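One structure below.
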Amino acid sequence: MKKAFKIVCSLMMAITMIISVLVFTSAEDDDTLSVYVTSDIHYRPPDALTSIEETEYLPDPIFHHANTKGMLTYEADGIIDAFLKKVESSDAKYWLVAGDQSEDGFWEEHRTIAEKLEDFEQRTGKIVFTIPGNHDIRTRDSRDRLNLEDYLEIYKNLGYDMALEKHEGTASYTADLDPGYRLLAIDVCVYRDDKSQLPESLLNWTKAQLEQGKKDGKKMIAMVHYNVLPHFALESVAGSLLCTEDYRSFATLLADAGVKYVLTGHQHANDISSATTKKGNHIFDIETGSLITYPLAYRVINFSNKEVEIKTEYIDKIDTSLLPGGFTAGQLALINNDLKKYSFDYNRAGFQSYAYQLGELTKKLADALKVKEGTEAYKAVEDLIVILGDAIKMPLYDTKGTPAPDSVEELAKQAGIKLDKSEYRDILDLAGALYANHFAGDENLTIDSVDIKLLGQTINAVLVYAFSKLPVQAVNMLLKAAGIKGIELPFYEAALALGSKTINMRTPAKAFTKELVRSLGDGIFTDFSAPGDLNVTLEPYGSSWEINGYQPKTDTFSYALQIIWRVVKTCFNGMLRLIGLTMFT
């Protein structure tokens, strides 16, 4: 009897051990993690906003409150509430916020949004991880804005309470997610300026965390506000304003240490870029757009040992009772009937407001051209912006039939250009629609599409008009600042009638337009880098799948070769179009 009992016990123990091993092995084989990702909430509490009835950013009965960034600031509480409900009803345990929780870094903004996030955590049991963006710690303009210590105190329960290691001097930290995964949140912001930096102490700390993660057998997921890979061709030209400082070396460091996925924001677009290091390691920069900007998107990312599934989802309905007072019946009807269209039209209207904020545009253009304030070249930029401001307010097409140039279509005739027909009201309406397309992701417009051709025609026409009104010397300065060589206009302006001067200005205007549209087309109008931007299934940690499509290289030599190849390809295609052929597609 005792022997039989021992045999039964032994069998039971063996079965228990086998089941335990099977369960453990199954858990290891199905090492899953699901996270929600948002970025750039740019929150301003309702009591910090001017009453919506009093906003006059532009003369529009519905969208008079639209800002140049296209952010639905007045509608934000409704959008955030709808998003919280989506996360709460999901099986995901984590919500990762990739920076710019506030619009201007004021105490009231941070306290209010942090309180929302903490209440969400306490109510749902889910965990929120945050990191600052360039808007969050801004002490240069006002004593009422936070410094680093203030930020860490306000957000101490939103990621930092889970930290394994913290970096002294920035808001960087590491934290474990589900078993097998570790978050590496890297704060590269320059707090008193809108650019990024990678100081030696932060770089060394990052290397140490990567080594520790490898020792601990963790799959490392990075979160950085600034892009780690470029998402359009011109982005790298802006240096540390858009990408992380020395991003190619930084991306190489992360990828070769085992980081395959980096979650970023900053540019308010939904885009995914990939790159391969010299050692053959892949890295993906998953950029998530602003939650309160068209198309009101967020990411749901499911990690497993089989694949990484990236889904892009949208806020399509909000509770309008949460909005501040002052919205008209017409505005509320549009929000309730089609929120996506409302946010799209709001974004287009936001571009209209650029025509009424010329001072801001002057500085931005001067900075882009690396022109210093107080110089003659800066004065040329100022004069150009004033003239352009008048032109971009004009309707696109002539409806009055008057001889005076009061439409872009008439300016185009003077420049020897015929505008293609469209439904757009003016240049900024067209530009707003095109840029909203970039925000949405998976851009697929070609240089030969009607919208892009029309953009080129209108820019060319307006530049001919503007250059005709500027002194020749000023035009030459602008050409030089833009890096356009081989064109320098002679200084015999006094001998030129307006008509002949207009003809002379067609060449530099065409050169400007060609360079601008070509550059914008590489990533703004068409997708810049493989894979797709919105809903894709990618390789898991520990695997390396083939990536079809263009990828920017992380090492300098390969990067230079890619630039040369893209220039050669553009030149060949340009010549071949003349004889009706296409190559190197």
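The values are calculated or read from the model by the stated rules, or taken from the named source; none is laboratory data. Remember, it's a predicted structure, so these values are computed and weren't measured experimentally. Note: ideal-geometry Cβ built from the backbone for every residue, glycine included; neighbour counts use all protein chains shown. These area figures cover heavy atoms from the full protein model, side chains too; ligands, DNA and RNA do not enter into them. Shrake-Rupley method; radii C 1.70, N 1.55, O 1.52, S 1.80 Å.
Structure notes:
- Matching entry among Leu202, Leu198, Leu241 (being free of Cβ contacts under 8 Å to residues at least 60 places away in the same chain and over 21 Å from the mean Cα position of the chain (by Cα)): Leu202
- In segment 84-115, the residues that are hydrophobic (A, V, I, L, M, F, W, C), in contact with a helix residue (DSSP H, G or I) (Cβ under 6 Å, 6 or more places away or on another chain) and not in a helix (DSSP H, G or I): Trp95
- When restricted to residues that are of a type in the set (D, E, K, R) and either open to solvent by less than 10 Å² (accessible area, probe 1.4 Å) or at pLDDT below 95 (or both), segment 249-280 contains 3.
- Within segment 64-82, considering residues that are open to solvent by 10 Å² or more (accessible area, probe 1.4 Å) and under 18 Å from the mean Cα position of the chain (by Cα), the one nearest to Leu117 (Cα to Cα): Thr73
- Pick from segment 117-154, criterion polar (S, T, N, Q) and at pLDDT 95 or above, ranking: most open to solvent (accessible area, probe 1.4 Å): Gln122
- Residues (open to solvent by 40 Å² or more (accessible area, probe 1.4 Å), part of a loop (DSSP other than H, G, I, E, B) and more than 20 Å from Gly70 (Cβ to Cβ)) located in segment 281-327: Asn281, Asn305, Lys306, Glu307, Asp319, Gly325
- Filter result (free of Cβ contacts under 8 Å to residues at least 12 places away in the same chain and part of a helix (DSSP H, G or I)) within segment 134-152: Glu149
- The one condition in (1) closer than 25 Å to Trp545 by Cα; (2) assigned to a strand (DSSP E or B); (3) out of contact with any His (no Cβ under 7 Å at 6 or more places or on another chain) that Ser273 fails to fulfil: (3)
- Every condition in (1) within 19 Å of Thr32 (Cβ to Cβ); (2) in contact with a Leu (Cβ under 9 Å, 6 or more places away or on another chain); (3) part of a loop (DSSP other than H, G, I, E, B) holds for Leu183 except the one numbered (3).
- Residues being more than 18 Å from Ser273 (Cβ to Cβ) and in a helix (DSSP H, G or I) - total across segment 436-448: 1
- Close pairs (9 angstrom Cβ cut-off, 6 or more residues apart or separate chains): assigned to a helix (DSSP H, G or I) in segment 153-168, open to solvent by 80 Å² or more (accessible area, probe 1.4 Å) anywhere: Ile154/Arg111; Tyr160/Lys166
- Residue ID - most open to solvent (accessible area, probe 1.4 Å), chosen from residues in segment 49-63 that are farther than 22 Å from His268 by Cα and either at pLDDT 90 or above or under 18 Å from the mean Cα position of the chain (by Cα) (or both): Thr50
- Given (1) closer than 14 Å to Ala175 by Cβ; (2) touching a helix residue (DSSP H, G or I) at 6+ places or on another chain (Cβ under 7 Å); (3) open to solvent by less than 30 Å² (accessible area, probe 1.4 Å), number of the condition Asn157 does not satisfy: (3)
- Residue selected from segment 16-48 under the condition charged (D, E, K, R) and in a loop (DSSP other than H, G, I, E, B), by the criterion modelled with the lowest pLDDT: Asp30
- Test: Lys218 is out of contact with any Gly (no Cβ under 6 Å at 6 or more places or on another chain) and buried (at least 24 other Cβ atoms within 10 Å of the Cβ): no
- When segment 447-463 is filtered for residues that are farther than 16 Å from Ala433 by Cβ and surrounded by fewer than 17 Cβ atoms within 10 Å (Cβ to Cβ), only Asp448 remains.
- In segment 53-66, the residues that are farther than 14 Å from Gln331 by Cβ reach residues that are surrounded by 12 or more Cβ atoms within 10 Å (Cβ to Cβ) and aliphatic (A, V, I, L, M) with C-beta atoms within less than 7 angstrom, at least six apart or across chains, in these pairs: Tyr57/Ala66; Leu58/Ala66; Leu58/Ala349.
- Scanning segment 523-539 for residues that are under 15 Å from the mean Cα position of the chain (by Cα) and not in a loop (DSSP other than H, G, I, E, B) yields one hit, Thr526.
- Failed item in (1) among the aliphatic types (A, V, I, L, M); (2) surrounded by fewer than 18 Cβ atoms within 10 Å (Cβ to Cβ); (3) over 25 Å from Asp527 (Cα atoms), with Leu184 passing the rest: (2)
- Any hit, segment 372-380, residues being out of contact with any Lys or Arg (no Cβ under 8 Å at 6 or more places or on another chain), farther than 22 Å from Ala461 by Cα and modelled with pLDDT under 70: no
- Hey, Val371 closer than 30 Å to Ala466 by Cβ, open to solvent by 50 Å² or more (accessible area, probe 1.4 Å) and of a type in the set (A, V, I, L, M, F, W, C) or not: no
- Search result, residues across segment 226-248 that are crowded, with 19+ Cβ neighbours inside 10 Å and assigned to a loop (DSSP other than H, G, I, E, B): Tyr226, Val228, Leu229, Pro230, His231, Phe232, Leu242, Thr244
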